[in-house]
1. With contacts defined as alpha carbon pairs under 8 Å and 6 or more residues apart, what's the relative contact order of region 75-132 in percent?
2. Which peptide among 204-216, 182-194, 48-60 comes first, and what is the full order, when sorted by highest mean count of other Cβ atoms within 10 Å?
3. Quick one: which of 173-180, 85-92, 123-130 comes out on top by average Cβ neighbours within 10 Å, and what's the full order, highest first?
4. For the pair residue 129/residue 187, report the inter-label distance in nm, with labels modelled 7 Å from Cα in the Cβ direction.
5. Each label point is 7 Å from the Cα along the Cα-to-Cβ direction; what then is the distance between the points at residue 88 and residue 19, in nm?
6. Would you mind putting 70-78, 140-148 in packing order, based on average other-beta-carbon counts within 10 Å, highest first?
Ligand SMILES: [Zn+2]
């Protein structure tokens, strides 16, 4: 059941610039340059200022997986409405420069993909053959990145209660899996439900679900001070 089907392209179709020898030249070069420049600028800001990103980068560094901006991030054009992706074969985070236009969106995408990178670093995830691993990381990314944060959801006119956060996480994890793997909705639902509780309750490295930037700042400060304490014993 966990074997990918022959025609599965693992979502690479969504990232047409992956595995392409060179970029197209001509009239679109200028537009790509502008988008690319803006994407890199927003990425730099996210890495410097987002407490979510800072905590994840710090935790990865402590686990021996230091992230280098130029090597592990790539701003590229993507198909459809995809915002980003984690390319496990190159350990690279793809940021969709044609679909990310706001800093707040960039911060969320960087955080979401860094959670996949964190899982990749700590757990030796079998992204391609074990759908449970993929489902688990998608649940964690939706839960901890702010994708389902209250203000984000209000902006989408989904005013709801506590339970709503869980439903949002489940729905987003499902959509993410279906975007990159050719399996049925029913099969994906079954896998997500099987791993949901344990993965939803795994808050590493945040220690809790950061429901807002304020929560994430607190978690980051707590994480950094824990480091200092550990260094002294
Ligand atoms: Zn994801």
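1. Here the relative contact order equals 31 percent.
2. Output ranking for 204-216, 182-194, 48-60: 48-60, 204-216, 182-194.
3. Packing proxy ranking, top to bottom: 173-180, 85-92, 123-130.
4. Between residue 129 and residue 187, the simple spin-label model gives 1.7 nm.
5. 1.5 nm
6. Ranked from most to least packed, the peptides come out as 140-148, 70-78.
Every number here is computed from the coordinates shown, using simple stated rules; none is lab data. Just so we're clear, the structure is a prediction, and the values are computed from it rather than from any experiment. So basically every Cβ, Gly included, is an ideal-geometry build from the backbone, and we count neighbours across all protein chains shown.
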